[in-house]
Amino acid sequence: MIAVQALVKEFPKKDGTTFRAVDEVSFEAAHGEIVCLLGVNGAGKTTTMRILSTVFKPQSGKASIEGFDVLTQGDQVRRNLGFLSGDTGLYARLTPREFIHYFGRLYGVQDNAIKRRIEEMSALLDMREFLDKKMEFLSTGMKQKVSIVRSIIHDPPVMIFDEPTAGLDILTARNIIAFIRDCKQRGKCVLFSTHIMREAERLADRVIMIHQGRILTQGSLPSLREESGLTDLDDIFVYYVNQASADAKVEAHEF
Amino acid sequence: MSFKKALIVYRKELLELLRDRRTLFATVVLPVIMYPLLFMGFSAIMSRQAGVLEKRGATVAWVDSLSIRNADSGSFSKSIQDNLAKLEYFTVVPAPKALKQLYAEEEIQAIVTLSDSLSKQGLATYKLQVQYDASGERERMIYGKIEKALLATEKAEINRRLVTLKVNPELIKPMVIVPRDTSTAEKKMGSFLGMFLPYIMILTLVAGAATIAADLVAGEKERRTLETLLVSSASRSEIVWGKYLTIFTMAMVNVTINLVSLSFSLRFLMSQSGLETQGLQLPISAFLILLLAMVPLASLFAALLLSISTFSRNMKEARTYEQPIMMVSMLLGMISFVPSIEINNLLALVPVVNISLLFKAVMINEYALSHLLLTIGTTLVLDAIAIWATVKLFNTESVLFRSEDDSNVKISRANKRSFFNPFYGLVYFAIAVLALFYLGGKWQAANLVRGLQMTELALILLPVLIVLRLLKLKPKETLRLKLPRLQEVALVPFIAVSAAVLVTLAAQLINAVFPFPPEYMESMSKIFQQDVSLGMMFLVIAILPGICEEVLFRGFLIRFFGDKARNAVIISALLFAIFHLDPFRFLPVFLLGLLLGYLTVRSGSIINSMLSHAINNGLALLVVTYASQPWLKPLLQDAENFKLWVGLLALPVLATSLWMFHKVTAPKELN
Ligand SMILES: Nc1ncnc2c1ncn2[C@@H]1O[C@H](COP(=O)(O)OP(=O)(O)OP(=O)(O)O)[C@@H](O)[C@H]1O
Ligand SMILES: [Mg+2]
């Protein structure tokens, strides 16, 4: 499971001040659950996920994956985590098989197990033909499949997807969506980010709306609908953004 | 940190590189074909050139202004003409009418004129004038041939005369000079190779490593594969080690292939030309030593270039940042072309220079083991630092994930308001150094004392004041021209004197290990032997530097290097040390710079460091001037240096006074 508590991430700016990309973010995600980080560009989704995957260090707050602290137990965190993002590249001169073996070995998976997994997954995702082609010759959809296999080669209990369908056509995107559902079926804890409301609607058990680094609200779709009195997720999102800025104005007046 | 994972990364990187045609071509194919082509092409052109020049032959005009008057000379004249005509491709023509014009038009390349003169004893001497244009290569060759032909004629004439006198011609051959060159062919070859081999090797090493390094991290950033690697369970240091080993391996492979290819093509070339090089072996053992010596350097470059790649956001940027490293190492590597420089213990401490000179020494088999070890040792130390720094960089997210708006253009734009950024600082410093080198050097050569005065005032102090004026900055604030508090100033003499003693001792220590060249010592003491009053000396040596150099370094330049006081102090001290343009005093001056920077920044008053600087320099003058006085002599070991126990005494004094300075300048608690 994922547990995040009052997470803060600041980036230094050139003028000496800092910019808060993630501001006191707290949430949890359990096994067998799909949680969606929903927010517009620059909301802080990627930054949050990078902290969870130990790429960034937070200024304050706590985050853990399967109970392992991201700051102090990075190694265990990475072992228990599968990470897939829409814009990752692949090594052009390797074949998918070599690529997956590479990451499998880095995760300490036995070669036999890697082989078995590649067989299993390539049957499932229909990728037999291009397993031994250089990746520079693969189509985007094929590449995405390779990334999927790469991300679960060590069978992690927690999966993080950062805008996994960005830049994909509908058919390829469906592969990913199916895969995310599959992860849930297998009892994994799934966190995924998107700025596409429809996608959140279709997949998520719970939605966390994030804006300018802050969480606007979080809850299941029905409960959000009920609270806002709106049905369309777009409208709901705008509703909460407006509410937050109204709050901010009030706060500003109080000072 | 497990090496297993580093090896996994390493193997994958190698596999990928070996599949890259460009890399493969640059590391393996290019060196294999380059040297043979280079050498063969070169030698072909050379011999073609010489052959062509020879085949073009020459037309030589023969002017005999003697035989008309003197019939006796007829046979001599004829033998000269015969000898000249015997020259291959030569045409000898009797002086034509339009000789002058034909010579001017280069139809005729040389004119040989026979005349005579009488010697003092009344003996006739033939005089042969050879007119030619010595600036032309072809004409020089023609002259050489003519001269040979004439000398042959002379020899025959001598023999003829001796025979007429019934003297055995052997009589006038009392001796023969037989040069016996003891240098082996290997050594000759070695000294030749020693000139350019180091340069080529260092060049290929850096160039090869740079291409690969740029690809390994900056390339992964560009292709957006780095993050995937970072979230895998390989730790950052494992990734660094894997990548570092990759660059190192490829660099060594590159160097080895280059050496092997070079030696093969050289050998081929030698067997082709066949001349005196027959049976000559290339110094293979030397090549092996060189390969060994290249190991730490390759490792150093691998680490350095990897850290640049880590810092860069994309390959293009990496290639840009790699340029200075390549330039500097190429320049340093070129030292092997300087004929008189040989490796010594001190130069063995300068990276790249040491390898270059070691190469040279090894190639003629004249090197000391200590130089080899020092070279390898120094490089390894730097290497360890570079690897450590790379791992550290790789762990610094602001470096690994430098965001787009960090680009240099924007830095300078954002800082337009504040003139004080590191880039401008370095530019100002570079200009100051150039001015010091050219103008200051010239002035001081003309008149040392006047030159020093002008340097301090016009080159060091004045420009700073002008710049401050132009920028409308208040000198008082910017330069920290603030009166120090009494308790601070009172401590400064103790600090300055004890530090000066310690710094001199440190310099002595360095001198003991790495002796300064005697010319250097002489030039240093020259300054103390000026024929001017002590007061003037004091002004030039102590007061002016104390004020002017402090204004430049502790007042002005220190402002350019960020808000972190520690960094600014260290960098300004480094610049201060470089500014003295003297490798032998680098370390002592750097230490002094650190102390002075600390005094200024800590107390917020530059007066403290001015005073300290002046005392430090003044003390040196004092010691040299009064070395033989009874009140000073017991403290001294020789004319300039203190005894060790003085240093031991100075250490606690410095520690205590610095500690007290730190205390009295402590920032006041806000309450
Ligand atoms: N390495 C960095 N240095 C400085 N600022 C950064 C860095 N990474 C992200 N930011 C800033 O943090 C903010 C949040 O970025 P983040 O990438 O988390 O947004 P996001 O929600 O993922 O948006 P998108 O939909 O565009 O991916 C942005 O304003 C971005 O400019
Ligand atoms: Mg994002």
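See the values below:
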quantity: Anisotropy class of the range B:119-198 from Cα gyration tensor, a/c 1.5 cut; calculated: oblate
quantity: Dipole in debye (nearest 20) - the protein assembly as shown, about Cα centre, beta carbon charges: Lys, Arg +1; Asp, Glu -1; calculated: 960 debye
quantity: Summed side-chain charge close to B:ALA213 - residues other than B:ALA213 whose Cβ falls under 15 Å, Lys, Arg +1, Asp, Glu -1; calculated: -3
quantity: Among beta bridges that DSSP assigns inside the protein assembly as shown, antiparallel share in %, nearest 5; calculated: 50 percent
quantity: Relative contact order (percent, whole number), chain B, Cα cutoff 8 Å, 6+ residue spacing; calculated: 12 percent
quantity: Beta bridges per DSSP with both ends in chain B, % antiparallel, nearest 5; calculated: 45 percent
quantity: Accessible area of B:MET252 in the full protein assembly, 1.4 Å probe (Å², nearest 10); calculated: 30 Å²
quantity: Solvent accessible area, Å² - B:GLU154, 1.4 Å probe, full protein context; calculated: 100 Å²
quantity: The range A:87-155, accessible surface, carbon-and-sulfur percent (1.4 angstrom probe); calculated: 45 percent
quantity: Principal-axis tilt of helix A:233-254 within chain A, Cα atoms, nearest 10 degrees; calculated: 40 degrees
quantity: Helix-only mean residue ellipticity at 222 nm for chain B, each DSSP H run of n ≥ 4 adding -39500 (n - 2.57), per residue, nearest 500; calculated: -21000 deg cm²/dmol
quantity: Test item: B:230-243 mean partner chain Cβ contacts at 10 Å; calculated: 5
quantity: Prolate/oblate/rounded call for the range B:422-664, Cα gyration tensor, a/c under 1.5 rounded; calculated: oblate
quantity: Inter-chain Cβ neighbour average for residues B:9-20, partner chain, 10 Å; calculated: 3
quantity: Probe 1.4 Å, accessible area per residue of chain B, Å²; calculated: 54 Å²
quantity: Cα gyration tensor category, rounded, prolate or oblate, for the protein assembly as shown with a/c compared to 1.5; calculated: oblate
quantity: Test item: A:103-111 mean partner chain Cβ contacts at 10 Å; calculated: 5
quantity: Theoretical ellipticity at 222 nm over chain A - DSSP helices of four or more residues, -39500 (n - 2.57) apiece, nearest 500; calculated: -12500 deg cm²/dmol
quantity: Alpha-carbon centroids, the range B:372-399 and the range A:158-217: separation in whole Å; calculated: 43 Å
quantity: Listed residues B:PHE394, B:PHE423 arranged by accessible area, highest first, probe 1.4 Å; calculated: B:PHE423, B:PHE394
quantity: Net charge over other residues, Cβ less than 13 angstrom from the Cβ of B:TYR103 (K, R count +1; D, E count -1); calculated: -3
quantity: Protein heavy-atom accessible area occluded, A/B pair - total, 1.4 Å probe, Å²; calculated: 3000 Å²
quantity: Accessible-area ranking of A:ASP232, A:ASP15, largest first, probe 1.4 Å; calculated: A:ASP15, A:ASP232
quantity: Under 12 Å, Cβ to Cβ, from B:SER232 - net charge with Lys/Arg +1 and Asp/Glu -1; calculated: +4
quantity: Kirkwood Rh and Cα Rg combined as Rg/Rh, the range B:50-172; calculated: 1.01
quantity: Using alpha-carbon coordinates, inclination of helix B:486-513 to the longest axis of chain B, degrees; calculated: 30 degrees
quantity: Nearest-ten-degree value, helix B:565-579 long axis tilted from longest Cα axis of chain B; calculated: 30 degrees
quantity: Cα convex hull of chain B - mean projected area over all directions, nm²; calculated: 47.1 nm²
quantity: Overall Cα dimensions of the range A:138-255, principal axis frame, Å, largest first; calculated: 56, 28, 28
quantity: Label-point separation in nm, A:ARG186 to A:ASN112, each point 7 Å along Cα→Cβ; calculated: 2.0 nm
quantity: Furthest towards positive pole of dipole, B:PHE196, B:SER370, B:THR600, structure part chain B, Cβ charges; calculated: B:THR600
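The values are calculated or read from the model by the stated rules, or taken from the named source; none is laboratory data. Just so it is clear, the structure is predicted and the values come from calculations on it, not from any experiment. FYI the Cβ positions are ideal-geometry reconstructions off the backbone, even for glycines, and counts take in every protein chain you see. In case anyone asks, the SASA skips ligands and DNA or RNA and just uses the protein heavy atoms, side chains included. Shrake-Rupley method; radii C 1.70, N 1.55, O 1.52, S 1.80 Å.
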